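Visitor: Supplied in structure tokens, the structure appears directly below.
Derivation of every value follows stated rules applied to the coordinates shown; laboratory data play no part. As the structure is a prediction and not an experimental result, all values here were calculated from the model. When we count neighbours, we look across all protein chains shown, and the Cβ atoms used for this are built from the backbone with ideal geometry, even at glycine.
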Amino acid sequence: MRLDSYTLSTYTPGAPYWKQLLWYFVGSPLVESYWLPISAIKVLTLRWFGAEIGQGVRIKPGVRVKFPWRLTVGDFVWLGEDTWIDNLAHVTIENHVCLSQGVYLCTGNHNWSHPNFELITAPIQIQESSWIAAKSVIGPGVTVGRGAVLTLGGVTGRSLEPMTIYAGNPAQPIKQRKLENLSSHSANR
């Protein structure tokens, strides 16, 4: 491959250069900050830069977002410490999703067969009530089905079926996810 011939081809970051610079020097440091543990300020900052963020979202210190204008987050989502949303393409995180510590969402890759190592991007969608456990990695073009779980350190480059628990690298289904009945759980208190 010839990296000296690399170009972005038709890819664009999706925002004017001034907005990108403002994000990198002001917005991103606020969202990533360990000195500012208040989720509401981080949510507001992401919204200022074009992210669509629902209510009740918790953002822990160290969260990184490449391009907030390519991010949609539903209601009551948790983004754990050191989560990296590397969103060259759009990332959608639906309601009641938990991304635990150190999760990496990667929407870009390179064509290793192309002489100029061309960039390939594809969106990621994480559907409602899913849990992506600590240090897990999700690759470009993946849809995580409703209620799916990717366990500790799991890695997937393919979509995950709903209500299924996956483990390993590459992630393999290990069993169906069964949720307890909430009414019987509250009756036991």
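Visitor: Once amide H atoms are built 1.01 Å from N in the peptide plane, which residues 5 or more positions from Leu160, or in another chain, come under 5 Å H to H?
Guide: The list, which skips near neighbours in sequence, is Thr143, Val144, Gly145.
Visitor: Apply the Karplus parameterisation 6.51 cos²θ - 1.76 cosθ + 1.60, with θ equal to phi minus 60°, to every residue of the range 166-180 and state each ³J(HN,Hα) to the nearest whole Hz, in sequence, with x for glycine and proline.
Guide: Using θ = phi - 60°, the values come out as 10, 9, x, 9, x, 4, 10, x, 10, 5, 7, 8, 10, 9, 5 Hz.
Visitor: In whole Hz and in residue order, list the ³J(HN,Hα) couplings for the range 64-75 that follow from phi through the Karplus curve 6.51 cos²θ - 1.76 cosθ + 1.60, θ = phi - 60°; x for Gly and Pro.
Guide: Per residue, the Karplus-derived 3J(HN,Hα) values read 10, 10, 5, 10, x, 5, 10, 9, 10, 10, x, 7 Hz.
Visitor: Need the list of lysines near Lys175 for cross-linking: C-alpha distance under 22 angstrom, and skip anything on the same chain fewer than eight residues off.
Guide: Lys135
Visitor: Which distance in Å, rounded to a whole number, links the C-alpha centroids of the range 95-140 and the range 22-46?
Guide: Result: 22 Å between the Cα centres.
Visitor: Taking the simple approach of a point 7 Å from Cα along Cα-to-Cβ for both Tyr11 and Met163, what is their distance in nm?
Guide: Modelled inter-label distance: 3.8 nm.
Visitor: OK, next. Shape of the chain from its Cα gyration tensor (a ≥ b ≥ c, root eigenvalues): rounded if a/c is under 1.5, otherwise prolate when a/b > b/c, or oblate?
Guide: Oblate, since a/c reaches 1.5 and b/c is not below a/b.
Visitor: Report, by chain and number, residues whose modeled amide H sits under 5 Å from the one on Val73, excluding near sequence neighbours (fewer than 5 apart, same chain).
Guide: Residues meeting the criterion, in which the H sits 1.01 Å from N, are Glu52, Ile53, Gly54, Ile93.
Visitor: OK, next. Can you work out ³J(HN,Hα) from phi for every residue in the range 82-99, in order, using Karplus 6.51 cos²θ - 1.76 cosθ + 1.60 and θ = phi - 60°, giving whole Hz and x for Gly and Pro?
Guide: Values per residue, Gly and Pro as x: 6, 5, 10, 9, 8, 9, 5, 10, 5, 10, 10, 10, 7, 4, 6, 9, 10, 9 Hz.
Visitor: Still on this structure: Relative contact order of the chain: what whole-number percent is it, with Cα pairs under 8 angstrom and at least 6 residues apart?
Guide: On the way: 497 pairs, mean separation 24.7, N = 189.
Reported as a whole number, the value is 13 percent.
Visitor: Could you give the nm distance between label points at Arg146 and Asp75, where each point is 7 Å from its Cα heading toward the beta carbon?
Guide: 1.5 nm
Visitor: Expressed as an acute angle from 0 to 90° and rounded to the nearest 10, what is the orientation of the C-alpha long axis of helix 39-48 relative to the principal long axis of the chain?
Guide: 40 degrees
Visitor: Over all alpha-carbon pairs of the range 57-166, lay out the pair-distance distribution in 10 Å bins, whole %, shortest bin first.
Guide: 17, 51, 26, 6, 0
Visitor: Right, here's the next one. Can you compute the charge dipole magnitude of the chain about its Cα centre, using +1 on each Lys and Arg Cβ and -1 on each Asp and Glu Cβ, nothing else charged? Give it in debye, rounded to the nearest 20.
Guide: On the way: 16 positive and 12 negative charges, 51 e Å.
So the magnitude is around 240 debye.
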